[in-house]
Amino acid sequence: MGTDPTTQTLAQLGDNTPEQVAPRFAEIRARFDFEISSDSNTGNWPAFIARWTGRKSGVLTEIGDNWLKPAPPRLKKVVGQEFQKLKAHVESALEAKRKEIESAAEQAAAARDRIDLSLPGIERAIGTRHIIRQTYEELVRIFVSIGFSVVEGPEIETPYYNFEALNIPEHHPARDNMDTFYIEGAREPHLLRTHTSPMQIRTMEKQPPPVRIIVPGKVYRRDNPDATHGYMFHQIEGLAVDTDITFCDFKGTVEYFVREFFGPKAKTRLRPSYFPFTEPSAEVDATCHVCGGSGCRICKFSGWIELSGAGMVNPAVYGFVKNGYDAAKHSGFAFGMGIDRLAMMKYGVTELPLLFQNDVRFLRQFP
Ligand SMILES: [Zn+2]
């Protein structure tokens, strides 16, 4: 215990008179009372206990060893009495202090664990559906409401379903417009589908007429990525084949869709076009949703936005399918639209890459 005054005094008791013994013990007791009243000592409770009652070198043990055991006979009685008094005092004070410390700890733990039911809950961000998913679901809702059902198909296709069966033979110039990712190393030639149209053929092969389907999904082209083009985009295909379907049905369906998607004021216009798998073919335009037709940056100041390539199913396609499809009896229409493009138009987004960067600062704008 080094220079501690408590122990400095311990070795000298034998020279005292009996009257001097009690004050020496009183000094020790005062020292103890001072120490136990100070948090800086009792903060390390195990060390404090060891200092006073430790068996090897605690103060009480040292008093027993240095004062009581070697006390000369004239002092033996008074030292024994004073020692017992001091020991009782120290032990009861330590016990009281221990209880005090424990109950303070319990109260602190209880305060920490207490649940206040009146506090407001923690609001957790649950996220929102992606702008493309929202558009996808809106498209599905509109077409399902007028009798179309949803089918999905493989993104890896054969050239037959992606081209030939859609009346696009090899060396047909239409293949040039759809720069295609071919998959190398496969035994059979495969490619990443360039449009959702292969599912027209796959569906008709499985399902005899009538058929009314939409096919939403991902398609791939070797485009140079820019503000409006990427390697991958989302398309939605539509196909309706029955015995009495006319171009009027097609026009009515498209107009209904445009009004449902862009609002009652939106107008539609058809321009003649060419696709190998439709005849006649048309480009469908809708009035620009952003400027309402007066012209803006989004519509390149034309007031119109290209919406869809479409037309009446080319009778040659039924020849590939067979399965009860007879060009003499059946007719139908087909259309394809870009889901990303529809989302950009509806929400006034000018940069396609924003749709795929998944920056939450962007996505949060479309709750
Ligand atoms: Zn516009």
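Structural remarks
- Answer residue from the range 23-40, given it is more than 14 Å from Ala88 (Cα to Cα) and surrounded by 15 or more Cβ atoms within 10 Å (Cβ to Cβ) and is farthest from the chain's Cα centre (by Cα) among those: Arg24
- Count of the range 297-319 residues which are crowded, with 19+ Cβ neighbours inside 10 Å and more than 12 Å from the ligand (Cβ to nearest atom): 10
- Residue check for Ser294: modelled with pLDDT under 95, within 11 Å of the ligand (Cβ to nearest atom), assigned by TED's automatic domain parsing to the domain that holds Thr350 and not basic (Lys, Arg): yes
- When the range 250-291 is limited to residues that are of a type in the set (Val, Ile, Thr) and more than 16 Å from the ligand (Cβ to nearest atom), the one that is farthest from the chain's Cα centre (by Cα) turns out to be Thr278.
- When the range 52-69 is filtered for residues that are without any contact (Cβ under 8 Å) to a residue 12 or more places away in the chain and surrounded by 11 or more Cβ atoms within 10 Å (Cβ to Cβ), the ones remaining, listed by number, are Gly54, Gly58, Thr61, Asp65.
- Residue within the range 127-143 that is crowded, with 17+ Cβ neighbours inside 10 Å, of a type in the set (Phe, Trp, Tyr) and within 24 Å of Arg31 (Cβ to Cβ) present: no
- Of all residues making up the range 269-289, the number that are farther than 27 Å from Ile201 by Cβ, touching a residue at least 24 places away in the same chain (Cβ under 8 Å) and surrounded by 20 or more Cβ atoms within 10 Å (Cβ to Cβ): 4
- Any hit, the range 222-244, residues being modelled with pLDDT of 90 or more, under 19 Å from Ile132 (Cα atoms), buried (at least 17 other Cβ atoms within 10 Å of the Cβ) and touching a His at 6+ places or on another chain (Cβ under 9 Å): yes
- For Gly348, the requirement of being without any contact (Cβ under 8 Å) to a residue 60 or more places away in the chain, within 13 Å of the ligand (Cβ to nearest atom) and of a type in the set (Gly, Ala, Ser) is met.
- Of the residues making up the range 325-342, at least one is in the same structural domain as Glu205 (by TED's automatic domain parsing) and within 16 Å of the ligand (Cβ to nearest atom).
The values are calculated or read from the model by the stated rules, or taken from the named source; none is laboratory data. None of these values were measured; they are calculated from a predicted model. Cβ sites come from the backbone with ideal geometry, for glycine too, and all protein chains shown count toward neighbours.
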